[in-house]
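> Dumping the structure here so I can ask a few things about it.
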Amino acid sequence: MKNIKTLLLFASVLLIASCSSDDDNTPSTPMSTLTVNLFGIAPLEGDVIYEGWVMVDGSPVSTGRFNTTSANNITKTFRVPTAELDVATAFILSIEPKTNDDPAPSNTKIMSGDFIGNSNAATLNIENQFSGILGITGKFILATPTDAVADNDEFGVWFMNPPNAGLTNLPTLASGWKYEGWVDINGTAISTGKFTNANSSDESSFFSGNETAPSFPGEDFLATGVPIDGITFPIDLRNQKVVVSIEPHPDNSASPFYLKPLTANTNTAIGGSNVYSMTLNNASFPSGLAVK
């Protein structure tokens, strides 16, 4: 009887070992490398991160998440199931909350490109996500319409070409983005407010007076509604820099995002009859190449 029990125990061990061996030999999913070269992107602040995606049969498949530590050109490699990568038709780069596990990209897509035909390379650019961005134009004036003082127009900036809007041909942004105006005062960037429509007021008026403001984005920097280190109000905007950026929404940084499609330098001309023109700043646009 003892020998029989020993034989049965030995047989059980062999059976378990055999099953375990079968499991170990289960074929793994074949994987391939996707190489993405990114030019001109910058580190993300706060609780957000970049995420890559490939489009497979019309559905997004995440390639992985990452950030960068400096505003340099970077190369990222991702391991993607071969069966999916072989038939991928496009690559998308998005900005995602770090805590988000949504199986689809957010509305904050920054650039993308198609694998055309049998090509293994997709050229990435922001024009695919911001259609028409290369055609925008910008004008503004230095004026202070929100107070009753006639001779202090150097303290305000309004994106208008009186009596019309000063920002034209602006692409309609996805819900993951907003425009924002800025003045750069000797290296300190101060927001004039976020907006999505150049023909209406922006979202803030921290520093303006109590008089009626134009129905366009802008700000009078007359008094401090929010203290700013190193800045004395009212702010003289002569011989300073004015910028329009495109910001992720929600916005995790108090600084301008690196997409700055319009810039201009002011001089000493003030008042509504002196209209400044802004320059298209496509040097701020990132680009890339995805190779499978």
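The values are calculated or read from the model by the stated rules, or taken from the named source; none is laboratory data. These figures come from a predicted structure and were not determined experimentally. Cβ atoms come from the backbone with ideal geometry, glycine included; neighbour counts cover every protein chain shown.
> Residue by residue through region 277-292, note down the ones that are in a strand (DSSP E or B) and more than 18 Å from residue 78 (Cβ to Cβ).
Correct list: 277, 278, 279, 280, 287.
Yes/no matrix, rows are residues, columns are (1) touching a strand residue (DSSP E or B) at 6+ places or on another chain (Cβ under 9 Å); (2) under 25 Å from residue 130 (Cβ atoms):
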{"site": "149", "(1), (2)": "no, no"}
{"site": "156", "(1), (2)": "yes, no"}
{"site": "162", "(1), (2)": "yes, no"}
{"site": "167", "(1), (2)": "yes, yes"}
{"site": "181", "(1), (2)": "yes, yes"}
{"site": "195", "(1), (2)": "yes, yes"}
{"site": "236", "(1), (2)": "yes, no"}
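> Against the condition crowded, with 20+ Cβ neighbours inside 10 Å, closer than 22 Å to residue 146 by Cα, in the same structural domain as residue 149 (by TED's automatic domain parsing) and in contact (Cβ under 8 Å) with a residue 40 or more places away in the chain, how does residue 242 come out, does it pass? Let's see the steps before the verdict.
Details: crowded, with 20+ Cβ neighbours inside 10 Å: yes; closer than 22 Å to residue 146 by Cα: yes; in the same structural domain as residue 149 (by TED's automatic domain parsing): yes; in contact (Cβ under 8 Å) with a residue 40 or more places away in the chain: yes.
Yes: the conditions hold for residue 242.
> Out of 222, 259, I need the residue that is more than 27 Å from the chain's Cα centre (by Cα) and not assigned by TED's automatic domain parsing to the domain that holds residue 39. Which one? Can you show your working first?
On the way: 259 fails: more than 27 Å from the chain's Cα centre (by Cα).
One residue alone meets the criteria, 222.
> Moving to a separate point now. Assess whether residue 208 counts as being crowded, with 20+ Cβ neighbours inside 10 Å, in a loop (DSSP other than H, G, I, E, B), at pLDDT below 95 and not assigned by TED's automatic domain parsing to the domain that holds residue 95.
Values: crowded, with 20+ Cβ neighbours inside 10 Å: yes; in a loop (DSSP other than H, G, I, E, B): yes; at pLDDT below 95: yes; not assigned by TED's automatic domain parsing to the domain that holds residue 95: yes.
Answer is yes for this residue.
> Would it be correct to say that residue 225 is at negative phi, of a type outside the set (A, V, I, L, M, F, W, C) and touching a Pro at 6+ places or on another chain (Cβ under 6 Å)?
Values: at negative phi: yes; of a type outside the set (A, V, I, L, M, F, W, C): yes; touching a Pro at 6+ places or on another chain (Cβ under 6 Å): no.
So residue 225 fails the test.
> Related question: With respect to the numbered conditions (1) closer than 16 Å to residue 36 by Cβ; (2) surrounded by 14 or more Cβ atoms within 10 Å (Cβ to Cβ); (3) within 18 Å of the chain's Cα centre (by Cα), which one is the sole condition not fulfilled by residue 88?
(3)
> Restricting attention to region 211-228, which residues are touching a residue at least 24 places away in the same chain (Cβ under 8 Å) and not in a strand (DSSP E or B)?
We begin by selecting, within region 211-228, every residue touching a residue at least 24 places away in the same chain (Cβ under 8 Å); these are 211-214, 216-222, 228.
Result: 211, 212, 213, 214, 216, 217, 221, 222, 228.
> Can you name the condition, by its number, that residue 160 falls short on among (1) farther than 24 Å from residue 264 by Cβ; (2) in contact (Cβ under 8 Å) with a residue 40 or more places away in the chain?
(1)
> Then there's this: Please specify each residue of region 130-146 satisfying the condition of being outside any loop (DSSP other than H, G, I, E, B) and closer than 27 Å to residue 172 by Cβ.
Correct list: 133, 134, 135, 137, 138, 139, 140, 141.
> Can you find a residue that is farther than 23 Å from residue 253 by Cα and either without any contact (Cβ under 8 Å) to a residue 40 or more places away in the chain or surrounded by fewer than 19 Cβ atoms within 10 Å (Cβ to Cβ) (or both) anywhere in region 180-190? Please lay out each step first, then the result.
If we filter region 180-190 for residues that are farther than 23 Å from residue 253 by Cα, which is where we start, we get none.
No; the residues of region 180-190 include none that is farther than 23 Å from residue 253 by Cα and either without any contact (Cβ under 8 Å) to a residue 40 or more places away in the chain or surrounded by fewer than 19 Cβ atoms within 10 Å (Cβ to Cβ) (or both).
> Here's a check for you: in region 107-149, which residue that is within 30 Å of residue 213 (Cβ to Cβ) and small (Gly, Ala, Ser) is farthest from the chain's Cα centre (by Cα)? Can you show your working first?
Residues of region 107-149 within 30 Å of residue 213 (Cβ to Cβ): 107-108, 130, 132-133, 135-149.
In the following step, the residues that additionally are small (Gly, Ala, Ser) were identified as 132, 135, 138, 143, 148.
Numbers: 132: 16, 135: 19, 138: 20, 143: 31, 148: 39 Å.
Restricting to residues being within 30 Å of residue 213 (Cβ to Cβ) and small (Gly, Ala, Ser), the top hit is 148.
> Which one is farthest from residue 279 (Cα to Cα) among residues in region 212-253 that are acidic (Asp, Glu) and at pLDDT below 95? Let's see the steps before the verdict.
Looking only at region 212-253, we keep the residues that are acidic (Asp, Glu), and these are 219-220, 229, 236, 247, 251.
From what's left, at pLDDT below 95: 229, 251.
Numbers: 229: 29, 251: 25 Å.
Ranking the candidates gives 229 first.
> Still on this structure: Among the numbered criteria (1) under 20 Å from residue 292 (Cα atoms); (2) buried (at least 17 other Cβ atoms within 10 Å of the Cβ), which one does residue 153 miss?
The failed condition is (1).
> Let me ask something else. If I filter region 254-264 for residues that are under 24 Å from residue 236 (Cα atoms), hydroxyl-bearing (Ser, Thr, Tyr) and modelled with pLDDT under 95, do I get at least one hit?
Looking for residues that are under 24 Å from residue 236 (Cα atoms), hydroxyl-bearing (Ser, Thr, Tyr) and modelled with pLDDT under 95, one finds at least one in region 254-264, hence yes.
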